[in-house]
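*Asks:* Dropping a structure here in structure tokens format, bear with me for questions.
The values are calculated or read from the model by the stated rules, or taken from the named source; none is laboratory data. It should be emphasised that the depicted structure is a prediction, and the values quoted were computed from it without experimental measurement. In this analysis, Cβ positions are derived from the backbone assuming ideal geometry, glycine residues included, and neighbour counts consider all displayed protein chains. These area figures cover heavy atoms from the full protein model, side chains too; ligands, DNA and RNA do not enter into them. Shrake-Rupley method; radii C 1.70, N 1.55, O 1.52, S 1.80 Å.
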Amino acid sequence: MRKTVAFVGAGILTATVAACGGGNQAAGGDKTLTLAESVAATPWDLAKASMGPESQYYQPVYDTLIRLNTKGEPTPNLATSWSYDKPQTTLTLKLRQGVKFTDGTPLDADAVKQSLLHTKSGTASAAGEIQDISGVDVVDAQTVAIRLSHPTAALLPALGQVSGMIVSPKALENPRTPVGSGPYKLDTAATTAGQTYTYVRNADYWNAKAFPYDKVVIKFLADPTARTNALLSGQLDGATLNLNRVKTVKGRGLNVVTYQPGDIEGLYIWDRAGKKVPALGKLKVRQALNHAFDKDAIIKSAKTGLGTPTTQLFAKTEDGYKAELNDTYAYDPAKAKKLLAEAGYPNGFSVTLPDLSANFPQEQAALNQSLKDIGIKVKLDTLPTDQIFSAMLSGKYAMSYFKLGAPTAWDKVQLELTKKSTWNPFKYGDPKADDLITRIGNATGAQREALFEELNTYVVDQAWNAPWSVIANAYATAKDVKVTPQPGTQYPPIYNYAPAK
């Protein structure tokens, strides 16, 4: 039930392979772990940080209050214990003693307060994860109380991810170099911003045994072919794979794990009110789009059969999931055309989509053909790949191929379904949905689950998106590196890597 945010922006940038050996044995005998990232690093200021694959850039330097284990469950880390009050609106945490940031500043309750409130002050997805925090109180030097505007099951998982990372009070706003208390420090002399980031051990880290590598190197390689080639040539120790390369990479003796992070891919309809493309403001048009896709065929052709067809935004392990909702829209192009005609569009309509063929060729081709088959005329807009992400967020496109995940169902709601959501570029609002979201935020237990199911059913009936599948992910490592996937995470956290025995 816990996932990190992962979306199409993770793959729409490009880069070339930097010449740097991977392997795990550096000069002098130090063990080095070299990984590839598909997205560029965002600023070190956590108020501007995102929760997607870029979290790997932060993990070496910024430690979290909570550690999510390999089952996705919260376990002690900087916080050694915690408890809620009876209304479940105050979470009190006891902090580990003796921890210092790499600038020598003590990591105490005041530092935690400043860091959490600073992250919350931003507008990116890490800030969005903790918007339910209404205040933070310093009880004593090693005790902090986090106050919530309402009960939520999302707080503990958030404190185990980017939102729960703690930064030195001296380096909160726009730091040029990150200052945390994590297992590593950024080696600025061996780092080239935007390309390669090198981290060396923090000699004072309290849990050094959990991190067996002396050095971690992260390269920005957005091009999936470049990542695969770098893996095969020994330049990398770990990277995500396109599913169609799994057989090849396994055949070369590398380790490959496949898993479902629970992210949902398909056609995301951003302009549900029809501000940019009037047709999308019609319910029957959006329903027609849901009947346009042969999900099984797309999974077979674009995903090598890995993935699970779906019609809903929530995955099987999340609150609100209802299996019967997946029968709402069958593949039926004839019905799609009929609905378009009933909505006043017998000849379809025209729409401009971002061209994501460079990184998602089969998905983009399936989208284009499926829309064409029901009479919708598609114009592809080709932008420099480093501009597509911001263009989507700015509302340039009425709809697009996309994939989205979040730590919990509540976080997924906050990410896309509210007027303030990051992935609601047209700021679409719906009174019934808004009311359900408010009630979910104030509910607990069985009542909360029932409200989630009601919201999920409403979103599917109103065809806010046209989902295809719960995606599968593949991650490859060198022969001498073992990695354990984390429930719901697209990229395994750095503490899940170890030398293979």
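*Asks:* Could you say which residue among Lys337, Lys275, Lys316 is open to solvent by 10 Å² or more (accessible area, probe 1.4 Å), of a type in the set (Lys, Arg) and within 21 Å of the chain's Cα centre (by Cα)?
*Replies:* Answer to the check: Lys316.
*Asks:* Same structure again: Of the conditions (1) under 22 Å from the mean Cα position of the chain (by Cα); (2) open to solvent by less than 30 Å² (accessible area, probe 1.4 Å), Ala230 clears all except one; give me its number.
*Replies:* With (1) under 22 Å from the mean Cα position of the chain (by Cα); (2) open to solvent by less than 30 Å² (accessible area, probe 1.4 Å) applied to Ala230, the lone miss is (1).
*Asks:* I need every pair where a residue in the stretch 46-69 that is free of Cβ contacts under 8 Å to residues at least 60 places away in the same chain has its Cβ under 8 Å from the Cβ of a residue that is among the hydrophobic types (A, V, I, L, M, F, W, C), sequence separation at least 6 or different chains.
*Replies:* Glu54/Val39; Glu54/Ala40; Glu54/Ala41
*Asks:* If you check Asp480 against the conditions, is it surrounded by fewer than 17 Cβ atoms within 10 Å (Cβ to Cβ), of a type in the set (D, E, K, R) and farther than 29 Å from Met165 by Cβ?
*Replies:* Yes; evaluated as a whole, the condition is true for this residue.
*Asks:* Another question, if that's okay. Output the residues belonging to the stretch 416-473 that are of a type in the set (Val, Ile, Thr) and in contact (Cβ under 8 Å) with a residue 12 or more places away in the chain.
*Replies:* The answer is Thr418, Thr422, Ile437, Ile440, Thr444, Thr457, Val459, Val460, Val470, Ile471.
*Asks:* For the stretch 381-440, which residues satisfy the criterion of being under 18 Å from Ser50 (Cα atoms), not in a helix (DSSP H, G or I) and not polar (S, T, N, Q)?
*Replies:* Answer for the stretch 381-440, where residues must be under 18 Å from Ser50 (Cα atoms), not in a helix (DSSP H, G or I) and not polar (S, T, N, Q): Phe402, Lys403, Leu404, Gly405, Ala406, Pro407, Leu417, Lys420, Trp423, Pro425.
*Asks:* Still on this structure, please answer the following. Starting from the stretch 173-187, take each residue that is of a type in the set (D, E, K, R) and list its partners that are in a strand (DSSP E or B), counting only C-beta distances under 7 angstrom and pairs at least six apart or across chains.
*Replies:* Here the result reads Lys185/Tyr199; Lys185/Val200; Asp187/Thr198; Asp187/Tyr199; Asp187/Val200, each pair linking the stretch 173-187 to a residue that is in a strand (DSSP E or B).
*Asks:* Looking only at the stretch 90-107, decide whether some residue is modelled with pLDDT of 95 or more and within 16 Å of Met51 (Cβ to Cβ).
*Replies:* No, because not a single residue in the stretch 90-107 is modelled with pLDDT of 95 or more and within 16 Å of Met51 (Cβ to Cβ).
*Asks:* Looking at the stretch 161-174, which of its residues are at pLDDT 95 or above and either outside any helix (DSSP H, G or I) or of a type in the set (D, E, K, R) (or both)?
*Replies:* Met165, Ile166, Val167, Ser168, Lys170, Leu172
*Asks:* A follow-up question, please. Residues of the stretch 181-238 being within 19 Å of Thr477 (Cα to Cα) and part of a loop (DSSP other than H, G, I, E, B), which ones?
*Replies:* Phe211, Pro212, Tyr213, Asp214, Leu221, Ala222, Asp223, Ser233, Gly234, Gln235, Leu236, Asp237
Residue by residue, here is whether (1) under 30 Å from Thr32 (Cα atoms); (2) open to solvent by less than 20 Å² (accessible area, probe 1.4 Å); (3) among the acidic types (Asp, Glu); (4) in contact with a strand residue (DSSP E or B) (Cβ under 8 Å, 6 or more places away or on another chain) holds:
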residue	(1), (2), (3), (4)
Val139	no, no, no, yes
Ala145	no, yes, no, yes
Gly160	yes, yes, no, yes
Ser163	yes, yes, no, no
Asn174	yes, no, no, no
Val179	yes, no, no, no
Val200	yes, no, no, yes
Ala203	yes, no, no, no
Ala210	yes, no, no, no
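*Asks:* Then there's this: Looking only at the stretch 288-310, count how many residues are open to solvent by 40 Å² or more (accessible area, probe 1.4 Å) and at pLDDT 95 or above.
*Replies:* So the answer is 4.
*Asks:* Ok, one more. May I ask you to list pairs of residues, at least six apart or on different chains, whose Cβ atoms are under 8 Å apart, with the first in the stretch 271-289 being free of Cβ contacts under 8 Å to residues at least 40 places away in the same chain and the second being of a type in the set (D, E, K, R)?
*Replies:* Gly274/Lys282; Gly281/Asp271; Gly281/Arg272; Gly281/Lys275
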